Amino acid sequence: MTISAYKAVKGIGKEISEDSYHVDSENGIFIVADGMYGDGLGKTASQTAVQVIATLLQTVTYESSLVGSYYEDAFILERIKEAFEKANEKVLELKALGTTVVLAYVLGDKVFVAHAGDSRAYLVRENNIEQLTEDHSLIAAAIKMGDITVEEARKSPHKDILTRALGRMNHHHDIKAINWQEGDAFLLTTDGLTEVLNNNEIKNTIVSCNDMQVVCDRLVEAAKSKEAEDDITMIVFRVG
């Protein structure tokens with residue numbers, strides 16, 4: 001069983017948010033996407049990617065319930081790959097700049113996490129936080145090489161340049177499977193949140209309250225207190 005909550009707020013001065021999300025606690029499908037701003041198609045791109053991935057994974061969940069057991073990991077990983085490939089094709093057809101996507105798919109005793117771009121997934125277990133995704137961006141690569149610090153990266157004019165995203169030829173996603181434990185909390189979020197809050201601030205907010213909606217509200221308020229300007233969309237869920 002999963003208990004989930006979500007929050008989506010528009011960036012300062014923007015007419016619409018380019019973010020999209022999908023929350024399906026019953027089938028364990030959670031998706032957040034951040035369409036790229038500037039071509040007028042950001043919202044359409046993120047909505048398209050979310051809808052395609054959610055629809056295909058709902059089919060997998062339904063089929064697994066018919067046979068009374070869950071498929072092997074290799075089968076699930078292949079289905080997620082197919083969902084991302086199909087979503088990429090649909091976004092390419094839009095001729096949009098593209099969209100990030102981060103997925104958490106709860107099936108059996110595992111949570112499958114996949115992403116392309118810089119929208120992130122986190123796991124909070126007991127009093128520890130783990131960033132499950134690695135940003136596909138020029139800045140993330142520079143941090144990894146030691147060329148720039150995390151704090152310097154927050155102020156860099158190049159922080160929004162992605163090396164991978166859906167709707168591009170270089171769209172390849174990363175994927176992993178995590179065995180969940182009772183009480184684990186997962187966070188999916190666009191970069192509007194992580195540009196202003198560090199991992200420790202996120203962790204402290206999540207462990208301070210068992211009400212997922214209150215957690216979402218507090219994270220947004222904390223981001224606003226630090227003058228967050230971008231769209232913020234997040235999903236928080238607990239497993240077990």
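The values are calculated or read from the model by the stated rules, or taken from the named source; none is laboratory data. A quick note: this is a predicted structure, and the numbers were derived from the prediction, not measured. Please note: Cβ atoms are built from the backbone with ideal geometry, for glycine as well, and neighbour counts cover all protein chains shown. Ligands, DNA and RNA are stripped out before the accessible areas are found, and what is left, the full protein with its side chains, is counted by its heavy atoms. Shrake-Rupley method; radii C 1.70, N 1.55, O 1.52, S 1.80 Å.
Of all the numbered requirements in (1) modelled with pLDDT of 95 or more; (2) out of contact with any helix residue (DSSP H, G or I) (no Cβ under 6 Å at 6 or more places or on another chain); (3) in a loop (DSSP other than H, G, I, E, B); (4) within 14 Å of ALA33 (Cβ to Cβ), LEU97 misses one, and that requirement is (1). Considering only residues in the range 36-71 that are more than 19 Å from ALA104 (Cβ to Cβ), assigned to a loop (DSSP other than H, G, I, E, B) and open to solvent by 50 Å² or more (accessible area, probe 1.4 Å), the one that is modelled with the highest pLDDT turns out to be LEU41. Note on the range 78-90: among residues that are more than 17 Å from the chain's Cα centre (by Cα) and not acidic (Asp, Glu), the one that is farthest from HIS171 (Cα to Cα) is ARG79. Restricting attention to the range 203-222, the residues that are touching a helix residue (DSSP H, G or I) at 6+ places or on another chain (Cβ under 7 Å) and open to solvent by less than 50 Å² (accessible area, probe 1.4 Å) total 6.
Residues in the range 93-112 that are among the aliphatic types (A, V, I, L, M) and more than 27 Å from PHE237 (Cα to Cα) were compared, and the one that is least open to solvent (accessible area, probe 1.4 Å) is ALA96.
The test for being closer than 30 Å to GLU26 by Cα, open to solvent by less than 70 Å² (accessible area, probe 1.4 Å), of a type in the set (Ser, Thr, Tyr) and part of a helix (DSSP H, G or I) does not hold for THR233. Taking each residue of the range 1-12 that is more than 13 Å from ALA228 (Cα to Cα) and looking for partners that are open to solvent by 30 Å² or more (accessible area, probe 1.4 Å) and part of a loop (DSSP other than H, G, I, E, B) with beta-carbon atoms closer than 6 Å, six or more apart or interchain, yields THR2/SER25; SER4/SER25. Just one of the numbered conditions (1) in contact (Cβ under 8 Å) with a residue 24 or more places away in the chain; (2) over 21 Å from ALA49 (Cα atoms) is not true of ALA140: (1).
Against the definition (among the charged types (D, E, K, R) and under 24 Å from ALA83 (Cβ atoms)), how does ARG168 come out, yes or no? Against the criterion (among the charged types (D, E, K, R) and under 24 Å from ALA83 (Cβ atoms)), ARG168 qualifies.
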